[in-house]
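For reference, the structure discussed in these notes is given below.
The values are calculated or read from the model by the stated rules, or taken from the named source; none is laboratory data. These figures come from a predicted structure and were not determined experimentally. Using ideal geometry, Cβ is built from the backbone for each residue, glycine included, and neighbour counts are taken over all protein chains shown. Protein only, heavy atoms only, side chains kept; ligands, DNA and RNA dropped before computing areas. Shrake-Rupley method; radii C 1.70, N 1.55, O 1.52, S 1.80 Å.
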Amino acid sequence: MSDLRELTLEVGEHRHTALAAGPETGELVLLLHGWPEFADSWTAELRALGDAGWHAVAVDQRGYAREARPSGVESYSIDHLAADALSFVDALGGGRFHLVAHDWGGMVAWVLASRHPERLRSLSVLATPHPVALQRSAQSDEEQNHNLDYVRFFRAPGGVAEASLLADDAARLRAAYAGRIPEAQVERNVRRLTEPGALTATLNWYRGATDDAFTVPAGPITVPTLYVWGGQDSKLGRGAATGTRELIEGPYQFEILEDASHWLPEEAPDRVIPLVLNHLAAYSA
């Protein structure tokens with residue numbers, strides 16, 4: 001198994017902690033985590049990618065890295081988040097790269113792929129439907145619209161969400177993982193998210209979105225795309241997942257893991273990894 005290396009990527013005035021595996025001469029694979037996770041959510045995938053000869057790097061993104069935690073909701077717009085991802089690549093040597101993403105990282109990935117297809121060799125997204133497909137589903141499906149109530153709650157002003165998530169020894173924050181990821185990982189995440197200002201910074205990703213309907217501006221995708229969705233995902237439903245096909249104009253592979261939930265990187269690495277490796281190999285230089 002490839003050993004993981006700890007890195008620090010400097011992006012403007014920010015310093016992002018990161019984990020890397022595999023030879024630096026390999027094609028770059030950037031992995032973007034979601035909420036409430038960190039770069040180490042990709043531990044199994046990083047090791048597998050490194051063993052296969054890829055230069056795999058997972059980054060603690062804006063708000064998650066201690067030294068990349070600006071104040072103000074305006075600092076967490078999708079424009080900043082997508083620009084960060086490109087800056088990570090530039091800090092690692094630039095050029096074209098493969099992008100693998102989950103949850104909020106997936107939202108960033110869809111935007112980045114639609115805006116800068118020339119930078120990507122391939123795109124792999126876990127759980128997160130294309131944001132336009134999610135919008136369409138929320139408008140036509142009452143259940144999907146209701147399932148996005150958590151987004152509206154997170155966007156509430158006055159620290160309401162923070163207080164609720166951290167009450168009773170962060171019971172509600174722990175419950176967000178629904179028992180689907182290892183307890184040790186949950187405890188690491190909770191410890192980091194209870195650092196001063198950390199939870200607010202990560203929730204600012206939701207607050208930096210344009211409205212309570214979670215509108216995220218992404219266009220059609222021409223990059224070769226793998227999309228993996230868990231059939232037991234309680235927030236991002238089947239309609240949005242299947243509807244993502246309508247937004248893909250390039251090569252597309254859609255895989256459903258019927259008995260898996262939202263937390264695919266940690267919950268189902270044994271099934272996710274072969275899919276990602278095959279996709280990367282099909283579109284390597």
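Solvent exposure of the chain, expressed per residue, is 39 Å² of accessible area, with all protein chains present and a 1.4 angstrom probe. If you plug the beta carbon distance of GLU187 and ARG5 into 1/(1 + (r/R0)^6) with R0 = 22 Å, you get a FRET efficiency near 0.40.
Between GLN139 and SER71, residue separation times 0.36 nm minus the direct Cα-Cα distance comes to 21.2 nm.
Estimated from helical segments only, the mean residue ellipticity of the chain at 222 nm is -12000 deg cm²/dmol, where each DSSP H run of four or more residues counts as -39500 (n - 2.57). With the Cα gyration tensor of the chain giving a ≥ b ≥ c as the square roots of its eigenvalues, does the rule (a/c under 1.5 for rounded; else a/b larger than b/c for prolate; else oblate) give rounded, prolate or oblate? Rounded is the answer for the chain, as its axis ratio a/c remains below 1.5. Extension gain, ALA163 to TYR150, is 3.2 nm, computed as 0.36 nm per intervening residue step minus the present C-alpha separation.
Can you pull the percent of the range 102-250's accessible area that's carbon plus sulfur, 1.4 Å probe, other chains left in place? Carbon and sulfur: 51 percent of the exposed surface of the range 102-250.
Label zone (ALA44, point 7 Å along Cα-to-C-beta; backbone nitrogen cut-off 15 Å) within the range 109-135: 126-127.
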